[in-house]
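Okay, structure first, notes after.
Derivation of every value follows stated rules applied to the coordinates shown; laboratory data play no part. Quantities reported herein were computed from a predicted structural model and do not represent experimental measurements. As a convention, Cβ positions derive from the backbone with ideal geometry for all residues, glycine included, and neighbour counts pool all protein chains shown.
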Amino acid sequence: MILLILSYVPSLLCGVHVVRTGREMYWLWLFAIAPMLAPAFYFFAVLLPEMMGGRTARNVGKAARQAIDPERDFRNAMRALDDTPTVGNRMKVAQAAAALGRWSDSEAQWALAADGHWADDPAVLKGHAEALLELNRYEDALKRLEKLRAQGSEGATPQVALLFARAYEGLGRNNEADDAYHFAADRVPGLESGARYVAFMAKTGRREDAEIGMAEIERRYSKISPQLRGEARIWRDMAVKALGR
């Protein structure tokens, strides 16, 4: 009995913090049904970022909150859009849907955002193009990207080059895809651009070059903090799979 009571002490302490700081009440329910696990999540999601205040701590906290309630940002964005139906709020809904992998929903919101005066907005064109690529609508995505490139510097970033590469690859325009991937691979933060380039090279028969790219991914992956490897692991595993390992 004593051990059972002690197991609820962390939940009780965290529950007091929830009430005093006015945080979401679903934490109390989690503490009740998972008295050992929920406080640990709460520590990394809330208490650690508060105590440390650094960027790494905030990233750990965000990852923990997303693990517990992955649709929170989407719900909040939808609520804001319902209250104030602006293009900015619609873009936030599109981005939140994309983060959940709900690309059809994201594309529909980007299409609505592109209606009227915002049709040539760089952020709308880029976001819409990305959603279209995820839906394998490569021709439509390329049209948005070409409009973005016509605007000058906004369409010349490494991030946009990566989107061009994916569109060209999807359309079988491999020479243009290779140039765009090569430009983006070492310039886009994270491992996505390098992993996609490795997969492209492996698919087009350039095994030796793909292995060199894979070695660079492994080197960069090893330098990422273990707590923050979630997204990076997805791209690393994609490259590994493309090489048939």
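Going by how many other beta carbons lie within 10 Å of each one, how would you line up Phe74, Phe200, fewest first? Don't jump to the answer; show the numbers that get you there.
Values: Phe74 19, Phe200 25.
Ordered by Cβ neighbours within 10 Å, fewest first: Phe74, Phe200.
With a ≥ b ≥ c the root eigenvalues of the C-alpha gyration tensor of the range 157-245, is it rounded (a/c under 1.5), prolate (a/b larger than b/c) or oblate? Oblate shape, in that a/c is at least 1.5 and b/c is the bigger or equal ratio.
Residue by residue, the range 164-176 carries 3J(HN,Hα) couplings of 4, 4, 5, 5, 4, 4, x, 8, x, 8, 5, 5, 5 Hz when phi is fed to the Karplus relation 6.51 cos²θ - 1.76 cosθ + 1.60 (θ = phi - 60°); x denotes Gly or Pro.
To make sure I understand, if each residue's beta carbon is the centre and we count other beta carbons within 10 Å, what order do Met238, Met214, Met36 fall in, fewest to most?
Numbers: Met238 16, Met214 22, Met36 11.
Arranged by neighbour count, lowest to highest, Met238, Met214, Met36 become Met36, Met238, Met214.
Fewest-first ordering of Tyr138, Tyr168 by other beta carbons within 10 Å of each residue's beta carbon gives Tyr138, Tyr168. Here r is the Cβ-Cβ distance between Arg229 and Arg149 and R0 is 41 Å; the resulting FRET efficiency, rounded to 0.05, is 0.75. Translational diffusion of the range 70-137, estimated by Stokes-Einstein from the Kirkwood radius over alpha carbon pairs at 37 °C in a medium of 0.692 mPa s, is 282 µm² per second.
Calculate, for Ala111 and Glu218, the FRET efficiency according to 1/(1 + (r/R0)^6) with r their C-beta to C-beta distance and R0 25 Å; round to the nearest 0.05.
Values: r = 39 Å, r/R0 = 1.56.
Efficiency for this residue pair is about 0.05.
Taking a straight Cα-Cα cut-off under 20 Å and skipping sequence neighbours fewer than 8 places away in the same chain, the aspartates and glutamates within cross-link reach of Lys241 are Glu134, Glu169, Asp178, Glu192, Glu208, Asp209, Glu211, Glu216, Glu218, Glu231. Answer rounded, prolate or oblate for the range 114-163, using the Cα gyration tensor with square roots of eigenvalues a ≥ b ≥ c: rounded when a/c is under 1.5, else prolate when a/b is larger than b/c, else oblate. Oblate, because a/c is 1.5 or more while a/b does not exceed b/c. The lysines whose alpha-carbon is closer than 17 Å to the alpha-carbon of Lys143, local same-chain residues fewer than 8 away aside, are Lys126.
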